[in-house]
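Q: Let me begin by handing over the structure; questions about it come next.
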Amino acid sequence: MPTISRRSFLAATTALGGTALLPRWAYAQATPESAFLQAEVDAGNLPPVAERLPVNPLVVTPLERPGQQGGDWRHALVGGGSFSMLVRYQAYEPLVRFDPEWAGVIENVAESYEVNEEATEYTFKLRAGHKWSDGEPFTTADIQFWYDAYFNDPETNLGSQAFWEVDGEKGVIEVIDETTFKVKFVGPNGFFLQQLAWADQDQMVRTPKHYLEKFHIRYNPEADTLAKEAGLESWIALFQRETNFQDANVWYGNADRPTLNAWYFTAPPGSNTEQSVAARNPYYFKVDTEGTQLPYFDRIVYQMVGDPEVLLLKTLQGEIDMMDQYIATPANRPTLFDGQQSGNYSLYTLKETAANTMAFQLNLNHLDPVKRELFNTIEFRQALSIALDRQAIIDAVFIGQGKPAQASIIEGDPLYNERLATEWTQYDPDTANTMLDAIIPNKDGEGFRLDSQGRRVSIIFEIDQTRTTFLDIFQLAIPMFQAVGVDVQMRSMDRSLWEERARRGREYDASAHQFGANSGLAAMMDPRYFVPVVRSAALYGPAWTLYYTDPDNPAAEEPPPDVKAQQELYRELMGTADPARQQELFAQMLENAADLFFTFGVSLPADGYGIVRNDMVNVQMTMPNSFGWPTPAPTRPEQYFKG
């Protein structure tokens, strides 16, 4: 886990941490033109690079040395639903971003920012002359458009961003001029910058007004006609498709929408079964210390791979330049370690930040009232937890690395809660049987327990098939559950289907996942296993999460009083600027989480790893492993190159 300075993490610092500002006069003469784009410039289809950059581009100091433009970054996407991984590689360009060490928040799209002492007013200054990938200006008009046409429009908004609210009131945007705007709150919002930097929470900088306004009826009276031409029933459906931040498959499948990212898709995911291609953005707003416009790589070429085994083979054959998702499992480590010389790659270290290796999550908002009542019986979840022989799972799946634990804070962190980490982790099938006998005593002829309606208690865990470690865990866990009379089954599926059913659906018995966070401030930002507030992440309480993030949504359900009280504590935490009070509130939440026992886990994860080709330069060889700090994006892939 990275060392995170509370002061640097929370303060409205203006330090750039490896970046600088270079005035236009300093680079206009020296900035070389990309060979990849030279023909377009010569033909008059693109202006010269000095005219494409903002007045003050963001200057990135390369990790090892300045590089040269050109070449392909060879990557891969696994399964039909792995497009959510793209934020890790080419789509992390928020207004402010996490630095490479996860020690604080630094400027990015915003040239600068200021925060008042009460954390109620945030002032952002954009870069004069910044342009979208199609050359159109990026200004505060785009920010205002997001706020008016999406965020504050009940017809188009597909899901609120809860961190924009304080005391039930949304923050208000005040545009000062083309490059300056303020966000004002009725009370303190101490985590606002960190929330803006969190992965996939950068909606403000993903809504180009000049492109999107034609799809909205207030800006174009003919929007309904466009919708019907697209085969949709109304402009609302069309606008929502164009601004579907919640569905990565839809979002990244659109190659027409301009972007601020370093690369834009020329062959988007889903358009080709073999590969997807993203090309350099001619108007990207960053340069290196020698004035060369970034990114260095001309293209990212993603091979579309059916399953992790195929990806593993391609990696061993030297076809992948950098990868940790899907293949860097404990079981694969010996194979990948031995293949370093023949594959011409090395291993880098991922400092693990996840709250658990895998959390079992029963759907506590199940649509079947009998299953809902059973799953919400805390003793039932506790019994299932102690039916697991965690040490056997750790020994077999994780090669003995780790120790039994629930989803929790890591030992040694000031917020470590021993009860939360260790409760109901002992292997005790006899006690599990006794507890289950008190809840569902009747059994069928095969020894499986029956519910109150006389049906076999069957729980189907729906799992993303690309998570091979999860599949290995379930192969061991299923017989353990069945040994205490609960007919647990696993249904693995393509990630796109899993995203639809588990992340965005309600009609599932149970699922399992990882991530969350295991220390201090990161856990405050992603407390998914401690309180249902992280949309599409708290799989045990999808309707409760909606109640927190979007209470007017028809699928939202008011939680029980103890869960609702936990949500209110989190709301208070997010509105608190005082670090001591933040610690106090989150410590209470962790104590409550031990009482609520939403999920049960396996173990705290050991540090992970990834592979990187030996000719890749400027790759940080030790980095956090997280989704909120979307590994490896904060290490600035735009400055990677081959040399």
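The values are calculated or read from the model by the stated rules, or taken from the named source; none is laboratory data. Given the structure is predicted, the values throughout are model-derived calculations rather than measurements. Don't worry about glycine lacking a Cβ; one is built from the backbone with ideal geometry, like all the others, and counts go over all protein chains shown. Just so you know, the surface numbers come from the protein's heavy atoms only, side chains and all, with ligands and any DNA or RNA stripped out. Shrake-Rupley method; radii C 1.70, N 1.55, O 1.52, S 1.80 Å.
Q: Does residue 66 qualify as being open to solvent by 20 Å² or more (accessible area, probe 1.4 Å) and closer than 21 Å to residue 612 by Cα?
A: So residue 66 fits the description; yes.
Q: Still on this structure, please answer the following. Say whether the condition of being assigned to a loop (DSSP other than H, G, I, E, B), modelled with pLDDT of 95 or more and out of contact with any Lys or Arg (no Cβ under 6 Å at 6 or more places or on another chain) is met by at least one residue in the range 142-151.
A: At the first step, the residues of the range 142-151 found to be assigned to a loop (DSSP other than H, G, I, E, B) are none.
Scanning the range 142-151 turns up no residue that is assigned to a loop (DSSP other than H, G, I, E, B), modelled with pLDDT of 95 or more and out of contact with any Lys or Arg (no Cβ under 6 Å at 6 or more places or on another chain).
Q: Find all pairs meeting these conditions: Cβ atoms under 7 angstrom apart; at least six residues apart or on different chains; first residue within the range 487-502 and within 11 Å of residue 249 (Cβ to Cβ); second residue among the charged types (D, E, K, R) and open to solvent by less than 50 Å² (accessible area, probe 1.4 Å).
A: Close Cβ pairs (under 7 Å, with a partner that is among the charged types (D, E, K, R) and open to solvent by less than 50 Å² (accessible area, probe 1.4 Å)) amount to 495/464.
Q: How many of the residues making up the range 117-130 are open to solvent by 10 Å² or more (accessible area, probe 1.4 Å) and part of a strand (DSSP E or B)?
A: 3
Q: All but one of (1) of a type outside the set (Phe, Trp, Tyr); (2) open to solvent by 30 Å² or more (accessible area, probe 1.4 Å); (3) outside any loop (DSSP other than H, G, I, E, B); (4) more than 13 Å from residue 385 (Cβ to Cβ) hold for residue 453, so report the exception by its number.
A: Residue 453 satisfies all of (1) of a type outside the set (Phe, Trp, Tyr); (2) open to solvent by 30 Å² or more (accessible area, probe 1.4 Å); (3) outside any loop (DSSP other than H, G, I, E, B); (4) more than 13 Å from residue 385 (Cβ to Cβ) except (3).
Q: Separate question: For residues that are open to solvent by 10 Å² or more (accessible area, probe 1.4 Å) and either in a strand (DSSP E or B) or in contact with a Pro (Cβ under 9 Å, 6 or more places away or on another chain) (or both), scanning just the range 580-593, find the one that is nearest to residue 401 (Cα to Cα).
A: 587
Q: Looking at (1) part of a strand (DSSP E or B); (2) touching a helix residue (DSSP H, G or I) at 6+ places or on another chain (Cβ under 8 Å), which one does residue 485 not meet, given that it meets all the others?
A: (1)
Q: So is residue 577 in contact (Cβ under 8 Å) with a residue 12 or more places away in the chain, surrounded by fewer than 18 Cβ atoms within 10 Å (Cβ to Cβ), not in a helix (DSSP H, G or I) and not β-branched (Val, Ile, Thr) or not?
A: Working: in contact (Cβ under 8 Å) with a residue 12 or more places away in the chain: yes; surrounded by fewer than 18 Cβ atoms within 10 Å (Cβ to Cβ): no; not in a helix (DSSP H, G or I): yes; not β-branched (Val, Ile, Thr): yes.
The answer is no for residue 577.
Q: If you check residue 466 against the conditions, is it among the polar types (S, T, N, Q), over 24 Å from residue 543 (Cβ atoms), out of contact with any Asp or Glu (no Cβ under 6 Å at 6 or more places or on another chain) and assigned to a loop (DSSP other than H, G, I, E, B)?
A: Details: among the polar types (S, T, N, Q): yes; over 24 Å from residue 543 (Cβ atoms): yes; out of contact with any Asp or Glu (no Cβ under 6 Å at 6 or more places or on another chain): yes; assigned to a loop (DSSP other than H, G, I, E, B): yes.
Considered against the rule, which asks whether it is among the polar types (S, T, N, Q), over 24 Å from residue 543 (Cβ atoms), out of contact with any Asp or Glu (no Cβ under 6 Å at 6 or more places or on another chain) and assigned to a loop (DSSP other than H, G, I, E, B), residue 466 comes out as yes.
Q: If you take the residues of the range 594-625 that are among the polar types (S, T, N, Q) and open to solvent by 10 Å² or more (accessible area, probe 1.4 Å), which of them is farthest from residue 377 (Cα to Cα)?
A: Filtering the range 594-625 for residues that are among the polar types (S, T, N, Q) and open to solvent by 10 Å² or more (accessible area, probe 1.4 Å), the one farthest from residue 377 (Cα to Cα) comes out as 614.
Q: Being of a type outside the set (Val, Ile, Thr), out of contact with any helix residue (DSSP H, G or I) (no Cβ under 6 Å at 6 or more places or on another chain) and touching a residue at least 12 places away in the same chain (Cβ under 8 Å) narrows it down to one residue among 464, 472, 509; which is it?
A: Residue meeting the stated conditions: 509.
Q: State yes or no: is residue 563 crowded, with 18+ Cβ neighbours inside 10 Å and part of a loop (DSSP other than H, G, I, E, B)?
A: Working: crowded, with 18+ Cβ neighbours inside 10 Å: yes; part of a loop (DSSP other than H, G, I, E, B): no.
No; evaluated as a whole, the condition is false for this residue.
Q: Scan the range 138-149 and give yes if some residue there is more than 30 Å from residue 51 (Cα to Cα) and not hydrophobic (A, V, I, L, M, F, W, C), otherwise no.
A: Scanning the range 138-149 turns up at least one residue that is more than 30 Å from residue 51 (Cα to Cα) and not hydrophobic (A, V, I, L, M, F, W, C).
Q: Another question, then. Tell me whether the range 410-425 contains one or more residues that are modelled with pLDDT of 95 or more and closer than 18 Å to residue 477 by Cα.
A: Scanning the range 410-425 turns up at least one residue that is modelled with pLDDT of 95 or more and closer than 18 Å to residue 477 by Cα.
Q: Hey, another quick one. Which members of the range 371-394 meet the condition of being within 17 Å of residue 488 (Cβ to Cβ), assigned to a helix (DSSP H, G or I) and not charged (D, E, K, R)?
A: 374, 375, 380, 382, 383, 384, 385, 386, 392, 393
Q: While we're on this one: Of everything in the range 397-418, what is charged (D, E, K, R) and either part of a strand (DSSP E or B) or open to solvent by 90 Å² or more (accessible area, probe 1.4 Å) (or both)? Give them in sequence order.
A: 403, 411, 418
Q: If you check 238, 260, 232, which single one turns out to be among the aliphatic types (A, V, I, L, M), at pLDDT 95 or above and either within 22 Å of the chain's Cα centre (by Cα) or closer than 30 Å to residue 70 by Cβ (or both)?
A: 260
Q: Provide a single number: the residues in the range 537-553 that are open to solvent by less than 20 Å² (accessible area, probe 1.4 Å) and among the polar types (S, T, N, Q).
A: 2
Q: Filter the range 488-513 down to residues that are open to solvent by less than 10 Å² (accessible area, probe 1.4 Å) and part of a helix (DSSP H, G or I) and give me whichever is farthest from residue 381 (Cα to Cα).
A: The residue in question is 495.
Table: residues versus (1) in contact with a helix residue (DSSP H, G or I) (Cβ under 6 Å, 6 or more places away or on another chain); (2) touching a residue at least 40 places away in the same chain (Cβ under 8 Å); (3) among the β-branched types (Val, Ile, Thr).
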position	(1), (2), (3)
33	yes, no, no
38	no, no, no
46	yes, yes, no
96	yes, yes, yes
105	yes, yes, yes
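Q: Considering only residues that are polar (S, T, N, Q), surrounded by fewer than 19 Cβ atoms within 10 Å (Cβ to Cβ) and farther than 14 Å from residue 210 by Cβ, which ones fall in the range 131-156?
A: Residue satisfying the conditions is 152 alone.
Q: For residue 523, indicate whether it is touching an Asp or Glu at 6+ places or on another chain (Cβ under 9 Å) and either more than 30 Å from residue 193 (Cβ to Cβ) or assigned to a loop (DSSP other than H, G, I, E, B) (or both).
A: So residue 523 fails the test.
Q: Filter the range 38-60 for residues that are assigned to a loop (DSSP other than H, G, I, E, B) and surrounded by fewer than 16 Cβ atoms within 10 Å (Cβ to Cβ) and give the result.
A: Quick first cut of the range 38-60, residues assigned to a loop (DSSP other than H, G, I, E, B) only: 43-48, 53-57.
Within the range 38-60, 43, 44, 45, 47, 48, 55 meet the criteria.
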